[in-house]
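Have a look at this one.
Just so it is clear, none of the values below were taken in a lab; they were calculated from the coordinates. Computed from a predicted model, the values in this text were never measured in an experiment. Neighbour counts are summed over all protein chains in view; Cβ atoms, including those assigned to glycine, are modelled from backbone coordinates with ideal geometry.
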Amino acid sequence: MKVVIIMGSKSDLKWSQRIVQALDGFEIESTLRIASAHKVPLKCYDLIKEYEKENVVFITVAGRSNALSGFTDAQTHCPVIACPPYSDKFGGTDIYSSLRMPSAVAPMVVLEPENAALAAAKILGLTDKHIQKKIKEYQNAAKDALEKDDHEVQNG
């Protein structure tokens, strides 16, 4: 089981590395690839077909006009999570290209890289007890940190 992260360009690498780091915490293998749905759609298609033979979740990372997420989702039976990098350049309105999809195309949209990794882990965890255990540990650590913070605030 693994996650295949497809980036629209190398400029998406830093954002994608945050996803990889979070996946590492769940002990989930990941692969980084670059294939623009606009510029090299045939390469993108070939990558999707190559990896969908495995038990994978795709995470797509593309800013601006995000054709990558919809294109990927329309070509595969595997889950697709769109995690577009945020840009102030257009006041955040470029996110709409990730949210508005045509019929029969349904990539999930998760805006934070760490949460995209968590969503992928939950999907893979449906059939993998080890990943389920790692998710529970992650959630418990987050709850413990919140309780610690609350205790510190209460007690000065």
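When the gyration tensor of region 114-156 is built from Cα positions, what are the square roots of 5 times its three eigenvalues, in whole Å, from largest to smallest?
The three semi-axes for region 114-156 are 29, 10, 5 Å.
If you don't mind, there's one more thing I want to ask. Gap in Å between the Cα centre of region 1-59 and the Cα centre of region 94-156?
Comparing the Cα centres of region 94-156 and region 1-59, I get a distance of 18 Å.
Please report the projected area of the chain's Cα convex hull averaged over all directions, in nm².
Taking the Cα atoms of the chain, their convex hull projects to 10.7 nm² on average.
Same structure again: Would you mind calculating the gained length between V40 and A142 on full extension (0.36 nm times residue separation, minus the Cα-Cα distance), in nm to one decimal? Write down the numbers at each step before the final one.
Values: separation 102, 0.36 × 102 = 36.72 nm, distance 4.04 nm.
Extra length from V40 to A142 when fully extended: 32.7 nm.
What is the helix-to-structure angle for 113-125, meaning the angle in degrees between its Cα long axis and the longest Cα principal axis of the chain, kept from 0 to 90 and rounded to the nearest 10?
Roughly 90 degrees, rounded to the nearest 10.
Short version: ³J(HN,Hα) in whole Hz for each residue of region 23-34, in order, from phi by Karplus 6.51 cos²θ - 1.76 cosθ + 1.60 (θ = phi - 60°), x for Gly and Pro, what are they?
My calculation for region 23-34 gives 4, 4, x, 9, 6, 10, 5, 9, 10, 9, 9, 10 Hz in order.
So how do L13, L23 line up by other beta-carbon neighbours within 10 Å, fewest first?
In increasing order of surrounding Cβ atoms, one gets L13, L23.
Any idea what the dipole of the chain comes to, in debye rounded to 20, about its Cα centre with Lys/Arg Cβ at +1 and Asp/Glu Cβ at -1? Can you show the working numbers first?
Values: 19 positive and 20 negative charges, 117 e Å.
That gives the chain a dipole magnitude of about 560 debye.
Who wins for biggest fluctuation among I28, I135, I81 in a Gaussian network model of the chain, springs between alpha carbons below 10 Å?
Fluctuation is largest for I135.
Straight-line reach from K134: which lysines fall under 23 Å, measuring Cα to Cα and dropping same-chain residues less than 8 apart?
Once the sequence-local lysines are set aside, what remains near K134 is K2, K122, K143, K148.
Cβ neighbours within 10 Å, averaged per peptide: list 107-114, 57-64, 139-146 in order, most packed at the top.
So the peptides 107-114, 57-64, 139-146, ranked by packing, come out 57-64, 107-114, 139-146.
Counting helices only, and only those DSSP H runs with n ≥ 4, report the 222 nm mean residue ellipticity of the chain as the sum of -39,500 (n - 2.57) divided by its residues, in deg cm²/dmol to the nearest 500.
The per-residue figure over the chain is -15500 deg cm²/dmol.
In addition: If all Cα-Cα distances of region 53-133 are sorted into 10 Å bins from 0 onward, what percent lands in each bin, rounded to whole numbers?
19, 47, 26, 7, 0
PRE reach from D24 (point 7 Å along Cα→Cβ): which of region 105-123 fall under 19 Å by backbone N?
From region 105-123, the list is 113-121.
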